[in-house]
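Participant: One structure is given below, represented as C-alpha cells, and several questions about it will come after.
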Amino acid sequence: MNLKLFFQATVKFLLGAVLVGLLVFLPAGTINFFNGWLFMAVLFVPMFVAGIVMMFKNPDLLKKRLNAKEKEHEQDLVVKLSGLMFIAGFVVAGLTHRFGWYTLDKGAVIVGTVLFLIAYILYAEVLRENTFLSRTIEVQENQTVVDTGLYGIVRHPMYSATILLFLSIPLILGSVFSFVIFLVYPFIITKRIKNEEELLEKELKGYTEYKEKVKYRLIPFVW
C-alpha cells in the first residue's frame, strides 16, 4: 500500500465530510436533521468503499481523482462556479429545515435517494471502464479513446452520472429552493464539455472519429 496516497486520501475524505457537515448542519441550527444525516450516509459511505477499492485495485486512478487543480483558466472558472453552487445549495437546504420553508415530502426524499445511488453505480461503472479519468481536463501519456460500454451511448457518461447525482442531492435534503440552485449545474457542465472536447480533438488521437461514431454528449437523442 502507498502510505502517502492513503494519508492524502484519508485527509481529503475527512475534510470533505467535515466541510459538508458544517455547510448542512450549521445553517439548520441543529444536528437533529434526518435528511442531512441521510445525505451524509449515501454520499460518504459509498465514497469510502470506492476509495478503499481504488486504493488496492487501482491506486493510479485514485491519485488522479484526488488531483482537482485545473491548469486551464476556463476550466478553473467552471470548478469555482460548481463550488459556489454546492455551498449555496447546502446552506439553503439547512436553512429550509431551520425555518420550515417549502419542503419536499418523504416520497420525494426516497426517490432522490434511489436516484442518487443509481447515479453512484453509473459513476463507478464509468471509472471501471475508463482508467484515464482524472478530475482535471488533460490528455495523459498512452491515453486512448474509450468507445465501449456507457461510452458507446454518450461521449461523457461521467458527466451524465454527475448531473443525476447532483440533482438528487436537494431531493434527499428535502429542499425545493436548493433544487433550483442545483439546476445551474447542467449549464455549468455544458461549458466544461465544450472546452474539454476542443482539447481532446487537438490532442487525443481518434477522438474526432469517436465523435462521429457517438453523436450525443450527455443524453441520448437529446444532446
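Participant: Find the relative contact order for the chain and round it to a whole percent, using C-alpha pairs within less than 8 Å whose residues are 6+ positions apart.
Facilitator: Relative CO of the chain lands at 26 percent.
Participant: Considering only Val18, Thr113, Val154, whose Cα is most displaced toward the positive end of the charge dipole of region 3-213, charges sitting on Cβ of Lys, Arg (+1) and Asp, Glu (-1)?
Facilitator: Val18
Participant: Arranged from highest to lowest average of other beta-carbon atoms within 10 Å per residue, in what order do the peptides 165-171, 106-112 appear? Spell out each step's value before the answer.
Facilitator: On the way: 165-171: 22.7, 106-112: 14.9.
Ranking, from highest mean packing down: 165-171, 106-112.
Participant: Run the quick spin-label model on Ala108 and Leu164: label points 7 Å from Cα toward the beta carbon, then report their separation in nm to one decimal.
Facilitator: For Ala108 paired with Leu164, the spin-label model returns 2.1 nm.
Participant: Assuming 0.36 nm per residue, please report the length gained on full extension of the stretch Leu15 to Ile219 beyond their Cα-Cα distance.
Facilitator: Going from the current span to full extension adds 70.1 nm.
Participant: Using 0.36 nm per residue of separation minus the Cα-Cα distance, give me the extension gain between Leu84 and Leu117 in nm, one decimal.
Facilitator: This chain segment gains 9.5 nm when fully extended.
Participant: Pick from Val154, Val24, Val180 the residue whose mean-square fluctuation is largest in a GNM of the chain, springs joining Cα atoms under 10 Å.
Facilitator: Val180
Participant: Also: Arrange the peptides 81-94, 51-64 so that the one whose residues have, on average, the most other Cβ atoms within 10 Å appears first.
Facilitator: Sorting 81-94, 51-64 by mean packing, highest first, produces 81-94, 51-64.
Participant: To the nearest Å, what is the center-to-center distance of region 170-223 and region 19-33, using C-alpha atoms only?
Facilitator: When both Cα centres are located, 30 Å separates them.
Participant: Go ahead and estimate [θ] at 222 nm for the chain from helices alone: -39,500 (n - 2.57) per DSSP H run with n ≥ 4, summed, over the residue count, rounded to 500.
Facilitator: Value at 222 nm, helices only, nearest 500: -24000 deg cm²/dmol.
Participant: Show me the helices of the chain, taken as full DSSP H stretches, that run 30 Å or more along their long axis by Cα and average -1.0 or above in Kyte-Doolittle hydropathy.
Facilitator: 3-28, 34-57, 73-99, 106-129
Participant: Looking at the chain as a GNM with Cα springs under 10 Å, which of Glu129, Glu201, Glu209 has the largest mean-square fluctuation?
Facilitator: With Cα springs under 10 Å in the chain, the top fluctuation among Glu129, Glu201, Glu209 is at Glu209.
Participant: Mind telling me which of Thr148, Thr190, Thr113 comes out most flexible in a GNM of the chain, alpha-carbon contacts under 10 Å?
Facilitator: Greatest mean-square fluctuation among the candidates belongs to Thr148.
Participant: Starting from the 7 Å offset along Cα-to-Cβ, what nm value, one decimal, do you get for the label separation of Asp60 and Glu203?
Facilitator: 1.7 nm
Participant: Calculate the FRET efficiency for Leu183 and Leu26 from the Cβ-Cβ distance with a Förster distance of 25 Å, rounded to the nearest 0.05.
Facilitator: Here the calculated transfer efficiency is 0.55.
Just so you know, all these numbers are worked out from the coordinates, no wet-lab data involved. Bear in mind that the values here come from a model prediction, so they are computed numbers and not experimental data. Every residue, glycine as well, gets a Cβ built from its backbone with ideal geometry; the counts of neighbours run over all protein chains shown.
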